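Asker: Have a look at this one before I ask anything.
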Amino acid sequence: MYHKVTVLGNVGTDAKLYDGINSQYIRFSLASNRLIRNSNGVQEEVTIWFNITKSGHDLTGLLAQITKGSRVLVEGVLVADKLSGHPKIFTNKAGVADAAYEIAADNIVLISHPLPKEKPFISNLMKTDYDIDYDEDNYDEEE
């Protein structure tokens, strides 16, 4: 038997590089959202978090690309708890039992970098005359 999962999502934490026994690996969290209808028929967005691990020898290029907010496509296999065969169960910071979904990635594809938050992109070509600030003292109208 064999399984494979594909997840498209947004990186929740910058990837970190670790030294393993035989090779290095990177690790990061990934949030994947989908819309569902609740019992009242209202659409809600549900987020599932995954812990992603990718091992290999030259991961520095990939490490630089996987930053918080980037959109990536991950292909790999689910990693289950060795004792139960289920997702790993742990107690979160609020003291509540929670589950961790782990994926050992075979492939990671960068879809997009995060958009800068401080300055939204607006092309000057998209601005109208009403959007452009003129310095009236230095503005000469055509005659």
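The values are calculated or read from the model by the stated rules, or taken from the named source; none is laboratory data. Keep in mind it's a predicted model, so treat the numbers as computed, not measured. All Cβ positions, even for glycine, are placed from backbone atoms using ideal geometry, and neighbour counts span all protein chains on display.
Asker: Scan region 8-46 residue by residue and report those that are touching a Gly at 6+ places or on another chain (Cβ under 9 Å) and polar (S, T, N, Q). Reasoning before the result, please.
Answerer: Pass one, region 8-46, residues touching a Gly at 6+ places or on another chain (Cβ under 9 Å): 10-12, 23-26, 28-33.
Within region 8-46, ASN10, SER23, GLN24, SER29, SER32, ASN33 qualify.
Asker: Still on this structure: Filter region 28-65 down to the residues that are among the acidic types (Asp, Glu) and in contact (Cβ under 8 Å) with a residue 12 or more places away in the chain and list them by number.
Answerer: GLU45
Asker: Of the residues that sit in region 88-114 and are in a loop (DSSP other than H, G, I, E, B) and under 17 Å from LEU8 (Cβ atoms), which one is modelled with the highest pLDDT?
Answerer: By that ranking, first place goes to HIS113.
Asker: Further, regarding this structure: If you go through region 32-55 one residue at a time, do you hit one that is in contact with a Leu (Cβ under 9 Å, 6 or more places away or on another chain), of a type in the set (S, T, N, Q) and not in a strand (DSSP E or B)?
Answerer: no
Asker: Which members of region 67-86 meet the condition of being out of contact with any Asp or Glu (no Cβ under 7 Å at 6 or more places or on another chain), in a loop (DSSP other than H, G, I, E, B) and surrounded by 10 or more Cβ atoms within 10 Å (Cβ to Cβ)?
Answerer: Once the filter is applied, which keeps residues that are out of contact with any Asp or Glu (no Cβ under 7 Å at 6 or more places or on another chain), in a loop (DSSP other than H, G, I, E, B) and surrounded by 10 or more Cβ atoms within 10 Å (Cβ to Cβ), region 67-86 yields GLY69, SER70, ALA80, ASP81.
Asker: Name the one entry in TYR25, TYR18 that is touching a residue at least 24 places away in the same chain (Cβ under 8 Å) and either aromatic (Phe, Trp, Tyr) or assigned to a strand (DSSP E or B) (or both).
Answerer: Answer to the selection: TYR25.
Asker: Within region 17-43, which residues are under 30 Å from ASP58 (Cβ atoms) and surrounded by 11 or more Cβ atoms within 10 Å (Cβ to Cβ)? Before the answer, list the steps.
Answerer: Step one: filter region 17-43 for residues under 30 Å from ASP58 (Cβ atoms), giving 17-32.
Listed by number, the residues that qualify are LEU17, TYR18, SER23, GLN24, TYR25, ILE26, ARG27, PHE28, SER29, LEU30, ALA31, SER32.
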